[in-house]
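Engineer: Here it is: the structure, laid out below.
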Amino acid sequence: MRVNFNGKTQELWTLWREGVDVKLIDQRLLPHKLEILTLHSHCETADAIRDMAVRGAGAIGVAAGYGIAQAALEAKGMSLKDFQAFVSEAANTLQKTRPTAVNLFHAIDRCIKAASRGSVLERVASACAEADRIALDDLEASRKMGEYGNALLGDGCRILTHCNAGALAFIDNGSALAPIRVAHRSGKHIFVYADETRPRSQGAKLTAWELQQEGVPYALIVDNAAGYYMRRGEVDIVIVGADRIAANGDTANKIGTYEKAVLARENGLPFYVAAPTMTFDIKCPTGKGIEIEERNPDEVNWVFGVDEDDAFRRVRITAEGTTVLNPGFDVTPAKYITGFITDIGVLKPPFGRSIRDALRVRKDKVC
Ligand code: RUB
């Protein structure tokens, strides 16, 4: 992604691996500070996923794959039996970080499978190679989603998006923001409405920042304003990302996505989900089977940002003892979805069939 870093405009990835170390942009500090975090072990990587230093389905999938590679490297001097026990314990730790995005589970499964044959050193090499392949797949998938999604955006198109499904949710480019980047870079005049996305404000803190860095015209709106702009005829299309897509097309994404889909239908607007084939969960027949993460009430009770002196501050906005419910995601029923922008093309209803066919094409990439 194009960022202004250390006074220079440069291309930066969200995360990458350097030997046993994983390096990533600490997303908790954005947009105020661009800092690269170095994670020296799989335990540190698991903490970074849990604390959302890295977040977004694609990015946490890549991070989890790197976590397995780190565990394999940490255990390379062990006996085969101890190596296997250490790596499966690491998989367990990484699996417990966040429950909803399936990319995390698919990436762990792929790396564990890769590390299950040969000597310890061969297993280490295979785990690392598979983790790196997942990262490259992620890059390639976002490039393809950018191309396929761009075809849906005409000159002058006004797009509404929710949460952050951008480069920060992937290695680069993103899912929902990938077509927006391609359209903008190809000279189309587009405009983006970025939902704030309470409680963690990924739209305000991350999507707005990404669009600003890229020079895409946009406006940040509060979550409650989406229907207002749709009804005024000022939105042409809604594109969001996804954390898990069931076999029938029901889609889990950031809390608030469902109501945007219903509003889009009410206002006659196309509602697209952009996601790589890694995000489909064929083992999950419908959205009812998707585990929804319940997050810490502190995210609702407190806000985090900088004061006038640019010092980071955490401020309580509710009364002590306020009762809070904080689901991280919701499920949008497939009937509200116009299509899926994927790395192999745009899937159209009936989704049961189009998803099954798509996954047959990419059976090497999904579990
Ligand atoms: C992120 C979120 C994003 C999807 C899309 O939630 O809901 O829309 O993960 O991801 P969180 P991607 O910030 O809680 O992780 O674009 O990587 O498929």
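Engineer: Counting other C-beta atoms within 10 Å, and keeping those with at most 15, which DSSP coil trypsin sites (Lys or Arg not before Pro) do you find in the range 203-261?
Structural biologist: Taking the range 203-261 and a limit of 15 other Cβ atoms within 10 Å, the loop trypsin sites (Lys or Arg not before Pro) found are ARG232.
Engineer: Indicate the gyration tensor shape class of the range 149-366 (rounded, prolate or oblate), computed on the Cα atoms with a ≥ b ≥ c the square roots of the eigenvalues: a/c under 1.5 is rounded; otherwise a/b larger than b/c is prolate and the rest oblate.
Structural biologist: oblate
Engineer: Please give every one of the aspartates and glutamates within straight-line cross-link reach of LYS8, meaning a C-alpha to C-alpha distance under 15 Å, and leave out same-chain neighbours fewer than 8 residues apart.
Structural biologist: Output for LYS8: GLU35, GLU214.
Engineer: What do you get for trypsin sites (Lys or Arg not before Pro) in the range 112-180 restricted to DSSP loop and a cutoff of at most 16 other Cβ within 10 Å of the site's Cβ?
Structural biologist: Answer in residue order: ARG117.
Engineer: Over the range 149-366, calculate the relative contact order: mean separation of alpha carbon pairs under 8 Å at least 6 apart, over the residue count, as a percent.
Structural biologist: Relative contact order here is 20 percent.
Engineer: Let me ask something else about it. Between ASN4 and ARG50, what length comes free when the chain is fully extended (0.36 nm per residue of separation minus the Cα-Cα distance, one decimal in nm)?
Structural biologist: Gain in length upon complete extension: 13.8 nm.
Engineer: Relative to the present Cα-Cα distance, how much length would full extension add between ASN224 and ALA151 at 0.36 nm per residue of separation?
Structural biologist: Additional length available on full extension: 23.4 nm.
Engineer: Oh, and also: For GLU293 and GLU89, compute 0.36 nm times the residue count separating them, minus their Cα-Cα distance, and round to one decimal in nm.
Structural biologist: Using 0.36 nm per residue and subtracting the Cα-Cα distance, I get 71.2 nm.
Engineer: Using only DSSP helix segments of four residues or longer, with each worth -39500 (n - 2.57), what per-residue ellipticity at 222 nm results for the chain after dividing by its residue count and rounding to 500?
Structural biologist: Dividing the helical sum by the residues of the chain leaves -11500 deg cm²/dmol.
Engineer: Follow-up question, since we're still on this one. Just to be sure I understand the model, the point goes 7 Å from the Cα along the line to the Cβ. What's the resulting GLU234 to ASP82 distance in nm?
Structural biologist: Result for the modelled spin labels: 6.4 nm.
Engineer: When the accessible area of the range 149-366 is computed with all protein chains present and a 1.4 Å probe, what percentage of it is carbon and sulfur?
Structural biologist: 52 percent
Engineer: For a 28 Å ceiling on Cα separation, which of these pairs sit above it: LYS144/LYS288; LYS33/LYS188; LYS254/LYS335; LYS113/LYS260?
Structural biologist: LYS144/LYS288; LYS33/LYS188; LYS113/LYS260
Engineer: Sticking with this structure for a sec: Is the range 173-232 rounded, prolate or oblate when judged by the Cα gyration tensor, a ≥ b ≥ c being the square roots of its eigenvalues, rounded requiring a/c under 1.5 and prolate requiring a/b larger than b/c?
Structural biologist: oblate
Engineer: Please compute the per residue accessible area over the chain with all protein chains in place, 1.4 Å probe, rounded to a whole number of Å².
Structural biologist: For the chain, the solvent-accessible area averages 41 Å² per residue.
Engineer: Taking square-rooted eigenvalues a ≥ b ≥ c of the alpha carbon gyration tensor, is the chain rounded, prolate or oblate, where a/c under 1.5 means rounded and, failing that, a/b exceeding b/c means prolate?
Structural biologist: prolate
Engineer: How big is the gap, in Å, between the Cα center of the range 267-329 and the Cα center of the range 7-46?
Structural biologist: Between the Cα centre of the range 267-329 and that of the range 7-46, the gap is 22 Å.
Engineer: Quote the relative contact order of the chain in percent (integer), defining contacts as alpha-carbon pairs under 8 Å separated by 6+ residues.
Structural biologist: With pairs under 8 Å counted, the relative contact order is 16 percent.
Engineer: Sticking with this one: At 7 Å along the Cα-to-beta-carbon direction for both ASP357 and GLU122, put a label point, then send me their distance in nm to one decimal.
Structural biologist: In this crude spin-label approximation the distance works out to 4.0 nm.
The values are calculated or read from the model by the stated rules, or taken from the named source; none is laboratory data. These numbers come from a predicted model, not from an experiment. Ideal geometry is used to build each Cβ from the backbone, glycine not excepted, and the neighbour counts take in all protein chains shown. All accessible areas refer to the heavy atoms of the entire protein, side chains included, with ligands and DNA or RNA removed. Shrake-Rupley method; radii C 1.70, N 1.55, O 1.52, S 1.80 Å.
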